[in-house]
Structures are given as structure tokens and as C-alpha cells.
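One structure below.
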Amino acid sequence: MEELAGRNVGVDCGDDDDAPTLSSQALAALQEFLREQNQNQNESPADQSEVALVTEDWRLSQFWYDRETAEAVANEVLALCSGTPSRVACIACPTLYAYLKRIDPCVSVQLLEYDKRFEQYGSDFTFYDYNKPEELPTEMKHAYQVIVADPPYLSGECLEKVAQTISFLSQSNACLLLLTGEVQKDRAAELLGLHPCIFRPKHSSKLGNEFRLFTNYNPGMRLGGWEQEK
């Protein structure tokens, strides 16, 4: 049982004539392990292929989407790509990149990310610093039909610079998706002409900030559609 290795689980042997008994700490660890094993046996192959990412680095303001959010946004992107060859750019959203590749390994997607741990994705990775919004390879200019961005910080300055990157990357009539805080609603509309969707993104770490998904196109019935103005 590798999951128990390295834990200080301790065994209370009692008298020599008695059978060894587990301490309460060891018993709790064993029960946890058995629950995990039982859950894994009951999962479908799709459940077992859930994407595993590197650990979040709070110093880089990293908060991964939960599975429902990652799959919903990935399926929306793939719906936009359906029928026509499309290149996708993921700005600072490695969770989405990973789920896109799991669902459709053939999708053409580029991850723009500051964290160099994601260099493991090879040529699909491009180093990106939002403070230098257009310091990118020239071949990426106006090369993408679908762009998804998740600015690392909830500041007007950060969103403005990411908007510059979006402008650099996008073809005319590109589909834009922005995941950011509710507080950026007016700024997202002003800078990029985006509208909030009814679908509410969530994170594995249960962030306290209200998060939203904005698009520059009407998704119809997908993502719950656009939220109606009150």
C-alpha cells in the first residue's frame, strides 16, 4: 500500500500473546486508503483519466478549474472548432489546455504561460509575461480563431495588457472567451466587447471571488447562453 508509505502510522503490539493492533492514526490512514481503492474500482475509464496537473503556485496566482468547469469550457472550444480547422490559444489557463488535449488529442492548441513547468508540453508551450503583452513569436500574430484567456490578476492593468495580447493573436472575427472576476464585467465589455454567460466557472480551491465567463459571441443554449441585462 504505497499511499501509506512514509506516514508515521505506528503499531501498538500490546502483550506478546496478543495479536498486533493498529493505533487510531494508522487505522484512519488504512480506512482512507481502502476508501480510495474502492472508489477507483467503481470509476469508469473516463473518470480514471481525470487530468493531473502540477501543484498550484499561489505566488503566481494559480488556481486550477474544477473538473466540471474545465470540461464545460473545453467542450465549448471544441464546438467552436467543429467543422473547420481552427487554431486555439490558451492564455494563462493550463487546466483548459490539458483537458482539451485529453478530450481531443488532435486539437491545435497553444498554451501561453509564465510558469515554465509547463514546458513539458513541448512546442505547444510559449512563455508569456503579461507585462510584455506582444513579446511573442511573429508567427503567432493574427493566427488564432479561438482565444481563451484567464488573466492571473483581478486588476484593470492586467486585463488591459491581456487584451493587447488577444488583439495580437486573434484573426478577424475570432471567438473570444474570458474567465475572470465579476468585478471586471464592465471593463471586459469596454475593452473587448464581451458579455457574461450564465455558466459560472469554479475552481478546485473554492475561491471566494465571484468568477465569470465572458464571450464576444452568443453561445446560444451552450454555457447557459448570455445573461440577460436586468
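The values are calculated or read from the model by the stated rules, or taken from the named source; none is laboratory data. Note that the coordinates shown come from a computational prediction; the quantities given were computed from them, not determined experimentally. FYI the Cβ positions are ideal-geometry reconstructions off the backbone, even for glycines, and counts take in every protein chain you see. Areas reflect the complete protein model, heavy atoms only, side chains present, ligands, DNA and RNA absent. Shrake-Rupley method; radii C 1.70, N 1.55, O 1.52, S 1.80 Å.
There is at least one residue in segment 15-23 that is small (Gly, Ala, Ser), at pLDDT 55 or above, open to solvent by less than 80 Å² (accessible area, probe 1.4 Å) and farther than 23 Å from residue 139 by Cα.
The condition of being assigned to a helix (DSSP H, G or I) and either at pLDDT 95 or above or under 24 Å from residue 181 (Cα atoms) (or both) holds for residue 77.
Scanning segment 105-112 for residues that are within 23 Å of residue 226 (Cα to Cα), modelled with pLDDT of 95 or more and not aromatic (Phe, Trp, Tyr) turns up nothing.
All of 194, 176, 223 fail the test of being crowded, with 19+ Cβ neighbours inside 10 Å, within 14 Å of residue 93 (Cβ to Cβ) and aliphatic (A, V, I, L, M), apart from 176.
Here is the figure for segment 73-96: residues that are closer than 23 Å to residue 173 by Cβ and open to solvent by less than 10 Å² (accessible area, probe 1.4 Å) total 10. Reported count of residues in segment 108-136, each being part of a strand (DSSP E or B) and either out of contact with any helix residue (DSSP H, G or I) (no Cβ under 8 Å at 6 or more places or on another chain) or open to solvent by less than 40 Å² (accessible area, probe 1.4 Å) (or both), is 8. For segment 216-226, the count of residues that are closer than 23 Å to residue 67 by Cβ, within 17 Å of the chain's Cα centre (by Cα), at pLDDT 95 or above and in a helix (DSSP H, G or I) is nonzero. In segment 64-76, the residues that are among the small types (Gly, Ala, Ser) reach residues that are surrounded by fewer than 18 Cβ atoms within 10 Å (Cβ to Cβ) with C-beta atoms within less than 7 angstrom, at least six apart or across chains, in these pairs: 74/103. Pairs are defined by a Cβ separation below 7 Å, a sequence spacing of at least 6 or placement on different chains, a first member in segment 106-129 that is touching a residue at least 40 places away in the same chain (Cβ under 8 Å), and a second member that is aliphatic (A, V, I, L, M) and assigned to a strand (DSSP E or B); the pairs so defined are 112/89; 112/91; 118/111. Taken over segment 137-171, the residue count meeting the criterion of being open to solvent by 40 Å² or more (accessible area, probe 1.4 Å), under 23 Å from residue 107 (Cα atoms) and either modelled with pLDDT under 95 or not polar (S, T, N, Q) (or both) is 4.
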